[in-house]
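> Below is a structure I'd like to ask you about.
The values are calculated or read from the model by the stated rules, or taken from the named source; none is laboratory data. In this text the structure is predicted, and so the values were computed from the model without any measurement. Positions of Cβ are backbone-derived with ideal geometry, glycine not excepted, and every protein chain shown enters the neighbour counts.
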Amino acid sequence: MSLSQWPPEILIDLHRHNLLQELIVRTVRAQAVGSVDLTAEEIEAVRQARAKQLRLDSVEALDAFFMSRGLAVEDALWQMLMPLRVRKYAHATYGPKAEARFLDRKSDLDQVVYSLLRVKDAGLANELYLRLSGREATFADLASDFSEGHEKKTCGIVGPAPLAKSHPHLRDQLRSADVGVVNPPIAVEDWFLIVRLESTIPAILDDSMRQLMEHELFEADVQQQAAELLGQLTPKLSTPSSEL
């Protein structure tokens, strides 16, 4: 049954509780990969891996585990196989576009290692910057004594971490920074950050990266289709009497 055939009152309730969008996304994703064929060996490997993950000694014990929790074995298997179906579908459909996606995203996929000091007082940030740039102290010492973030526990070292996961202001500074040079404090939200780039690790298009690019392309299409479907449904959810 398609979403447009669902009882209006159910869709209205889902929409009211902000659950409809996630349901649409999951439905679009499942419909996209529903026709992916899996071999008996692939299915058995997934079941064995799941049993091992749960520290069960057989797939029969796995089936009993799911049934004891009120989940039908067929439904549990469908959920377990979804990631494999997504990988196979994404590879078959978006594999030829993976390299272009990688080249477009490479600057964000590169990883960096950097030293970081994070404080909330602008005056203290400037003082620490002068001490570091004048080589009166080390990042390790000052981070342990003054830093107010998680880097306090790592002597100021952060990474390797993808540039894409950094705050945009920090990402811009790291992209233009010279290795080994202490950069003046920058304001990021409620913090003042002092950063020194230690090294850059360029991203490469290996098998795992290619798989990531294929998955990103797949998810982008899923999100676009889901947004279009939600846009078609939303105007019809204004009253319980609406016809979908």
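> Do we find that Ala98 is without any contact (Cβ under 8 Å) to a residue 60 or more places away in the chain, of a type outside the set (S, T, N, Q) and more than 30 Å from Gly149 (Cα to Cα) in this structure?
Taking the combined requirement at face value, the residue does not satisfy it.
> Can you tell me which residue among Leu233, Leu212 is surrounded by 16 or more Cβ atoms within 10 Å (Cβ to Cβ), among the aliphatic types (A, V, I, L, M) and touching a residue at least 60 places away in the same chain (Cβ under 8 Å)?
Leu233
> Sticking with this structure for a sec: Somewhere in the range 74-82, is a residue at positive phi and either modelled with pLDDT of 95 or more or not aromatic (Phe, Trp, Tyr) (or both)?
Of the range 74-82, the ones at positive phi are none.
Checked against the condition, which is being at positive phi and either modelled with pLDDT of 95 or more or not aromatic (Phe, Trp, Tyr) (or both), the range 74-82 yields no hits at all.
> Name every residue in the range 98-116 that is assigned to a helix (DSSP H, G or I) and crowded, with 16+ Cβ neighbours inside 10 Å, in order of residue number.
Ala98, Arg101, Phe102, Arg105, Leu109
> On to the next question. Criterion first (within 20 Å of the chain's Cα centre (by Cα), within 28 Å of Arg210 (Cβ to Cβ) and not basic (Lys, Arg)) does Val33 satisfy it?
So Val33 fails the test.
> Regarding Arg175, is this residue among the charged types (D, E, K, R), crowded, with 20+ Cβ neighbours inside 10 Å and in the same structural domain as Val188 (by TED's automatic domain parsing)?
Judged against the criteria, Arg175 is not a match.
> Does the range 151-165 hold any residues that are free of Cβ contacts under 8 Å to residues at least 12 places away in the same chain and either closer than 10 Å to Tyr114 by Cβ or of a type in the set (S, T, N, Q) (or both), and which are they?
Thr154
> So, Pro168, is that one in the same structural domain as Glu216 (by TED's automatic domain parsing) and surrounded by fewer than 20 Cβ atoms within 10 Å (Cβ to Cβ) or not?
no
> When the range 128-140 is examined, which residues are found to be surrounded by 14 or more Cβ atoms within 10 Å (Cβ to Cβ) and either in contact (Cβ under 8 Å) with a residue 60 or more places away in the chain or acidic (Asp, Glu) (or both)?
Leu128, Tyr129, Leu132, listed by residue number.
> Same structure again: Is it the case that the range 99-119 has a residue that's at pLDDT 95 or above, out of contact with any Gly (no Cβ under 9 Å at 6 or more places or on another chain) and aromatic (Phe, Trp, Tyr)?
Yes, some residue in the range 99-119 is at pLDDT 95 or above, out of contact with any Gly (no Cβ under 9 Å at 6 or more places or on another chain) and aromatic (Phe, Trp, Tyr).
> All but one of (1) in contact (Cβ under 8 Å) with a residue 12 or more places away in the chain; (2) within 30 Å of the chain's Cα centre (by Cα); (3) surrounded by 13 or more Cβ atoms within 10 Å (Cβ to Cβ) hold for Lys120; state the number of the condition that does not hold.
(3)
> Scan the range 11-21 for residues that are surrounded by 11 or more Cβ atoms within 10 Å (Cβ to Cβ), part of a helix (DSSP H, G or I) and free of Cβ contacts under 8 Å to residues at least 12 places away in the same chain and jot them down.
Asp13, Leu14, listed by residue number.
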